[in-house]
Amino acid sequence: MKQEHSDRIKKMVTDIGIRRTLKLFGNNKDFIRKVYMDNPESYLDNLKHKPYVDRTLFRVTRDKNYHLVKNYNFAWVDMGSNHLIINNHTTEYKFYKSIMELDTSQTCELIKRWLDKHYGLTAIIKNLKPIPDTI
């Protein structure tokens with residue numbers, strides 16, 4: 001695929017979102033997968049509030065009831081357990097599972113690297129665990 005085509009598809013994803021871009025391609029995931037194959041973390045760069053801590057994207061908390069929050073964030077660090085928790089109900093998480101066809105472990109590691117890159121979390125992350133599907 002030519003670079004200009006890749007750039008155009010990435011711009012579409014940024015401007016109109018992944019769902020609408022998929023519709024324009026007749027739900028063919030291959031075009032989008034090819035664009036992000038070399039740098040899958042770049043999809044996360046579309047997150048609107050990057051890199052503001054304690055905003056929509058990312059939160060640090062000691063609240064044991066974080067899973068009860070209805071509009072919870074993409075990810076958060078539970079300082080009590082020192083875990084990074086990824087919300088597996090977000091479009092971003094589903095992008096990696098469905099379009100990029102990564103398993104849960106691969107998806108979580110990719111998200112962990114991206115968060116560490118933008119938030120400098122190396123010192124506080126011991127484990128990475130996604131939110132269970134049952135929540």
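The values are calculated or read from the model by the stated rules, or taken from the named source; none is laboratory data. These numbers come from a predicted model, not from an experiment. As a convention, Cβ positions derive from the backbone with ideal geometry for all residues, glycine included, and neighbour counts pool all protein chains shown.
Quick one: how many residues across segment 92-106 are in a loop (DSSP other than H, G, I, E, B) and out of contact with any Pro (no Cβ under 7 Å at 6 or more places or on another chain)?
3
Would you confirm whether or not segment 47-55 contains a residue that is at pLDDT 80 or above, outside any strand (DSSP E or B) and touching a helix residue (DSSP H, G or I) at 6+ places or on another chain (Cβ under 9 Å)?
Checking segment 47-55: not a single residue is at pLDDT 80 or above, outside any strand (DSSP E or B) and touching a helix residue (DSSP H, G or I) at 6+ places or on another chain (Cβ under 9 Å).
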